[in-house]
Each structure stands twice: as C-alpha cells, then as structure tokens.
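Peer 1: First the structure, then my questions, so here it is.
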Amino acid sequence: MGNIASFFSALFSPDFPFVRNAFFAGALSSILFGLLGSVVTVKRIASLAGAISHAVLGGIGIALYLSATGKVPHLSPMVGAIIFALLSALLIGTASLKSKQREDTVIQAIWAIGMSIGVLFMAKTPGYSDPSSYLFGNILLISAQDLWLLLALDIVVIILISRFYAQLEATAFDEEFAQVRGIPTQAVFLVILAVTAIAVVLLQTFVGIVMVIAMLTLPAGTAGFSAKNLAMMMVSSTIYSFIFSTAGLAAGWAFDAPVGAMVVVIAGLFYLGMLLFNALKKRRRRS
Amino acid sequence: MKDKPIALKFSGVSFSYAHLDVLSDVTFHFHSGEFIALVGPNGSGKTTLLKLILGLEEPTSGTIELLGHSPKRSRSLIGYVPQHVSYDPSFPISVGEVVRMGMVESRKRYRTSHGEAVMKALTQVEMETLVNRPYSELSGGQRRRVLVARALVGEPAMLVLDEPTANMDRESERRLYHTLSALKGETTILIVTHDMSQVSALVDRVFCIDALSETTGSRTVVQHPLEDVDDTTKRVLHDTAIPADQCWQEVRNG
C-alpha cells in the first residue's frame with residue numbers, strides 16, 4: 001500500500017517528470033486503444049493490426065541506422081516507423097483484399113520480414129540500440145514530443161470517427177450491404193489500417209510493439225460484454241484502457257516491474273475474469 | 001405493366017470467373033411495379049446474377065440497365081435483403097440501429113428524423129416493439145425481417161430479396177409475405193429462390209436459370225408460365241419456355 005502511495009506522490013513530484021509523462025501517455029493512449037480497438041474488434045482485423053504492429057520494428061531499425069550512420073542525419077526513429085507502418089499497412093491491406101486464399105501466408109510473411117529487417121538494421125547501427133525497449137515499451141523514453149503527437153492523433157481519430165460513424169458501423173456490420181449503399185468499403189478498410197498503423201507507432205512507446213495489439217483488443221473485448229452499441233463500446237473501452245494503464249503504471253512503480261507488461265497482464269486478467277463471469281451468468285440463466 | 005418504365009434489363013449478358021463460364025447470353029427485362037421470381041438450383045449462378053444486378057460484379061460482355069442507368073449508379077435506389085449477414089454475434093447493435101443502416105450514404109451523417117423512418121419500416125415488418133432489443137437476441141426469422149426493414153427504410157424503388165424464406169419458421173414466412181403483399185404494385189420486387197417448383201401467389205412472372213448447356217458450358221435465363229395452385233401458391237410450368245425478353249402482357253395474351 002505504501003508503494004502505491006509513493007506512486008501518487010511521484011506522480012505529482014517535480015523530481016520524477018517521467019512518471020508524469022508516462023501517466024499522460026497512458027491517458028492519451030487510452031483514447032486510441034478505446035476507439036481504434038473497438039473498430040479493430042468489430043471489423044475483425046485484430047490479426048492484421050497485429051502484423052502491422054510487429055512489422056513496424058523494420059521502420060524503426062532502418063531509421064535508427066540511417067540516423068546513426070549519418071546517411072540521413074537526425075532522422076527520428078518515429079518518422080521511419082511511420083513510413084514503414086504505412087507501407088506495411090498498404091501491403092497487408094492489399095494482400096487481404098486481393099489474395100483471399102493466401103492472405104494468411106502473406107500477412108505472416110510481412111510480420112516476420114518487418115521484424116527481421118528491424119533486428120538486422122539495429123545490429124548494424126553504430127552505438128547501442130536495444131530492440132527490447134521498442135518491443136516491450138520503455139516509459140523512460142517517452143518525450144514531450146511523443147505526448148503532443150499522441151494528442152494530435154487522438155484529435156484526428158475522434159474527428160474521423162464522429163464524422164464517419166455511420167459509414168464505419170455499416171462497413172463493419174455488413175460490408176456487402178454498405179457497398180451497395182455506395183460506401184467505398186475498400187477505401188474505408190485501407191484508411192482504418194493506415195490510421196491503426198500510425199497509432200501503433202505512437203502507442204509502442206507506452207506498451208511496446210509486442211503488446212500494442214493486446215491493448216487494441218482486450219479493453220474493447222471487455223467493453224463488448226456490456227455495450228449496447230458501437231459508440232458505447234468505444235466510450236467504455238476508453239475508460240477501461242485508462243483504468244488498466246493507470247493501474248499498470250502504479251503497479252509497475254510499486255513492484256519495480258516493466259509497465260507495458262503490467263498493463264497488459266491487468267487488462268488480460270480483467271478480460272478473462274469478465275469472460276468467466278459472463279459464462280457463469282449465462283449458464284445460471286439457462287438452468 | 002408494359003407501359004411502365006423498365007426496372008431491369010439484361011441484354012446479351014455473359015459472365016465468367018477466371019476459368020469458369022457461369023452465364024452466357026442472358027437477355028430479359030421486367031418493368032416497374034412487377035413482382036418477379038428468379039429461380040434456379042443451388043450453384044446455378046443466382047448469386048452471380050444478383051451480384052451483377054447490384055454492380056458488385058461486372059459482366060464479361062453485354063449490358064445491364066438498372067432503373068435507367070448502370071447498376072453502380074442506381075444500386076443505392078435498391079433495397080437489398082441478403083440471404084444472411086456473416087454476422088458477429090458479439091457486435092453490439094440494436095434492432096433500430098441495424099434498420100437505420102438502410103439509410104447510410106457515402107458521406108452523410110444520420111439525422112434525428114431517421115428515427116421516424118426506422119419506426120415506420122419496423123412497423124411494416126410488424127417488429128416495432130423490438131426497436132431497442134439487441135440484434136443478437138433475435139431468432140433467425142426475426143433477424144431476416146429486420147433486414148427486410150433495413151431494406152425498406154430508404155423507401156427503395158426496387159426490393160431485391162435473396163432466398164428470403166430459407167431456414168425461416170412458418171410464422172415469420174407468413175408475416176414476410178404479408179409485408180410484401182402490402183408493397184406489391186407500388187415497389188418493384190425481385191425474389192431469388194432455389195425452390196423451382198412453386199412460388200408465392202404474389203409473383204407475376206418467373207425467370208429460371210436454365211440447365212447447363214453442353215455447347216457453351218454455362219447457363220442462360222428462360223421464362224416459364226405460372227399456374228395458380230391455391231390462394232398462396234403458384235406452380236412453375238417448366239415444360240413450357242417463353243422467350244425471356246417477352247413482357248408480362250405478351251405472356252398473358254399468348
């Protein structure tokens with residue numbers, strides 16, 4: 001208990017700016033986890049989002065290499081990652097639309113190739129670059145610039161979803177019907193993937209590439225147990241994400257453990273608990 | 001009926017997937033206000049024909065005119081009821097929200113006035129009391145009627161129903177045909193079904209996807225006359241073929 005209390009005093013203390021940064025990163029990430037996570041869940045594209053998030057490591061590796069070797073001085077890993085994320089989103093999106101039979105193979109290949117490129121470039125980058133902080137997140141690396149970028153993407157996603165909620169709901173529920181109604185369903189699909197790709201790059205600072213997909217599915221899945229519609233799912237999923245992020249950060253501080261992993265474990269346990277609770281409730285109703 | 005504008009016109013339409021000829025030289029038309037049944041055995045190309053009508057596939061050759069324009073341009077005037085929605089039961093959505101989807105457009109948002117149209121469409125399928133019920137809690141037959149309401153909510157010029165009564169209980173089927181009978185004459189209705197022997201008494205004309213041709217390896221569409229069986233059913237007379245491009249009055253007058 002004393003540890004948790006020390007977390008809150010650290011949160012408001014000027015001596016630990018990284019704790020405050022991590023808290024704000026968690027809060028700003030929650031909006032993306034909640035909104036995009038709900039879209040990814042109802043569109044059933046979690047595996048595509050997972051592949052994109054892992055392929056992003058390739059972009060980070062290339063950007064680190066180009067910057068450290070002076071080939072493209074001052075290139076931020078973030079910029080490389082965003083370019084690579086968009087490219088892999090386009091490739092994965094096209095593979096999903098065009099090659100229905102080989103979809104799985106192509107997606108898994110992009111996932112693996114992206115990660116491998118990242119590892120290779122990082123190994124050849126002069127100086128020390130540790131893939132694990134990108135893979136599992138490192139709250140010490142969260143900068144003020146990251147927070148501004150997260151805020152900007154939050155605003156863009158909120159505007160896009162509130163403006164095109166009707167089209168999004170229709171394509172997720174019944175794509176063929178939406179197409180007959182004149183909605184460019186393929187373009188909607190590619191935009192969702194592209195926005196998710198950019199979001200993954202920004203979100204990995206908080207939970208890491210490997211665990212981003214967990215936070216894009218677990219809070220939305222938990223919200224899905226009680227939500228009456230997609231909008232409600234988005235709101236409650238955002239609230240769940242905020243609770244899991246803050247609890248993970250506090251627990252990470254209290255037990256001196258990696259925050260990203262802590263957040264995902266809390267979210268996962270809560271989801272499984274709800275799943276069990278709902279299964280028991282259903283069984284009791286039947287008997 | 002012949003004086004009314006043509007609702008759908010196929011002229012020499014052929015369609016093939018990469019190495020598989022499905023339809024060849026399909027020519028038929030029907031007019032606004034007609035109640036048409038398109039019948040054919042499973043795997044005969046009914047779904048393909050439907051996709052061509054909805055502009056989801058392009059013909060390999062020939063032309064299709066839907067409500068005076070290309071299918072892609074006119075398809076938003078169609079109320080389409082798919083056979084089933086590959087639907088995720090965990091998708092959180094209410095009956096009213098599914099129906100409202102029938103008014104979705106490529107750029108516009110929903111308006112509050114859409115609520116009245118949703119209630120009207122649900123009343124047409126006798127499901128207005130279930131507007132706030134989660135869609136996942138409905139029976140299969142009830143869901144199909146919700147999809148009919150979704151098709152009706154935009155007051156379409158033409159209603160297209162793919163196998164509307166497949167796996168439907170008797171009561172739901174009776175209610176569905178009750179809804180369609182109220183629309184007959186006002187809205188053009190096209191029903192696609194695999195039941196080749198008989199159709200609802202509401203049907204004016206029936207088009208049949210023909211047997212596989214040995215010479216072309218694909219199928220075409222022919223028209224068969226109908227004979228009244230009772231108040232609810234008509235029998236398809238497969239022994240007699242009428243040119244598919246002949247109109248209703250011409251068929252009647254022989």
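The values are calculated or read from the model by the stated rules, or taken from the named source; none is laboratory data. Keep in mind that what you see is a predicted model, and the values were worked out from it rather than measured. For neighbour counting, all protein chains shown are included, and Cβ atoms are generated from backbone atoms with ideal geometry for every residue, glycine included.
Peer 1: Do we find that A:VAL191 is more than 14 Å from every other protein chain (Cβ to nearest Cβ), of a type in the set (A, V, I, L, M) and on the phi < 0 side of the Ramachandran plot in this structure?
Peer 2: Considered against the rule, which asks whether it is more than 14 Å from every other protein chain (Cβ to nearest Cβ), of a type in the set (A, V, I, L, M) and on the phi < 0 side of the Ramachandran plot, A:VAL191 comes out as no.
Peer 1: Tell me which of these A:LEU216 doesn't satisfy, since it passes every other one: (1) in contact (Cβ under 8 Å) with a residue 40 or more places away in the chain; (2) within 12 Å of another protein chain (Cβ to nearest Cβ).
Peer 2: Looking at each condition in turn, A:LEU216 falls short on (2).
Peer 1: Every residue in the range B:97-124 that is among the hydrophobic types (A, V, I, L, M, F, W, C) and either within 14 Å of chain A (Cβ to nearest Cβ) or more than 21 Å from the chain's Cα centre (by Cα) (or both), please.
Peer 2: Scanning the range B:97-124 gives B:VAL98, B:VAL99, B:MET101, B:MET103, B:VAL104, B:ALA117, B:VAL118, B:MET119.
Peer 1: If you don't mind, another one. Across the range B:55-78, which residue is farthest from B:THR187 (Cα to Cα) among those that are within 11 Å of chain A (Cβ to nearest Cβ) and in contact with an Asp or Glu (Cβ under 8 Å, 6 or more places away or on another chain)?
Peer 2: This residue is B:LEU56.
Peer 1: Also, quick follow-up: Could you list, in sequence order, all residues of the range B:82-96 that are in contact with a strand residue (DSSP E or B) (Cβ under 7 Å, 6 or more places away or on another chain) and more than 9 Å from every other protein chain (Cβ to nearest Cβ)?
Peer 2: The one that is in contact with a strand residue (DSSP E or B) (Cβ under 7 Å, 6 or more places away or on another chain) and more than 9 Å from every other protein chain (Cβ to nearest Cβ): B:GLN83.
Peer 1: Among the residues that make up the range A:62-72, is at least one of them β-branched (Val, Ile, Thr), buried (at least 21 other Cβ atoms within 10 Å of the Cβ), modelled with pLDDT under 90 and farther than 30 Å from A:ALA251 by Cβ?
Peer 2: Within the range A:62-72, one or more residues are β-branched (Val, Ile, Thr), buried (at least 21 other Cβ atoms within 10 Å of the Cβ), modelled with pLDDT under 90 and farther than 30 Å from A:ALA251 by Cβ.
Peer 1: Among the listed residues A:GLN167, A:GLN204, A:GLN145, A:GLN186, which satisfies the condition of being surrounded by 19 or more Cβ atoms within 10 Å (Cβ to Cβ), more than 12 Å from the chain's Cα centre (by Cα) and not aliphatic (A, V, I, L, M)?
Peer 2: A:GLN167
Peer 1: Quick one: A:ALA178 ticks every box in (1) more than 9 Å from chain B (Cβ to nearest Cβ); (2) free of Cβ contacts under 8 Å to residues at least 40 places away in the same chain bar one, so which box is it?
Peer 2: Condition (1) is where A:ALA178 drops out.
Peer 1: Before we move on, is B:VAL199 surrounded by 20 or more Cβ atoms within 10 Å (Cβ to Cβ), assigned to a loop (DSSP other than H, G, I, E, B) and out of contact with any Pro (no Cβ under 6 Å at 6 or more places or on another chain)?
Peer 2: Criteria not met by B:VAL199.
Peer 1: Only one of these is surrounded by 18 or more Cβ atoms within 10 Å (Cβ to Cβ) and of a type in the set (D, E, K, R): A:ARG283, A:ARG181. Name it.
Peer 2: A:ARG181
Peer 1: Now for a separate question. Would you check if there is a residue in the range A:192-203 being touching a residue at least 24 places away in the same chain (Cβ under 8 Å) and in contact with a Phe, Trp or Tyr (Cβ under 6 Å, 6 or more places away or on another chain)?
Peer 2: No: the range A:192-203 contains no residue that is touching a residue at least 24 places away in the same chain (Cβ under 8 Å) and in contact with a Phe, Trp or Tyr (Cβ under 6 Å, 6 or more places away or on another chain).
Peer 1: For the range A:77-104: of the residues being in a helix (DSSP H, G or I) and charged (D, E, K, R), which is surrounded by the fewest Cβ atoms within 10 Å (Cβ to Cβ)?
Peer 2: A:LYS98
Peer 1: If you go through the range B:46-73 one residue at a time, how many are part of a strand (DSSP E or B), of a type outside the set (Gly, Ala, Ser) and surrounded by 14 or more Cβ atoms within 10 Å (Cβ to Cβ)?
Peer 2: Residues in the range B:46-73 being part of a strand (DSSP E or B), of a type outside the set (Gly, Ala, Ser) and surrounded by 14 or more Cβ atoms within 10 Å (Cβ to Cβ): 3 in total.
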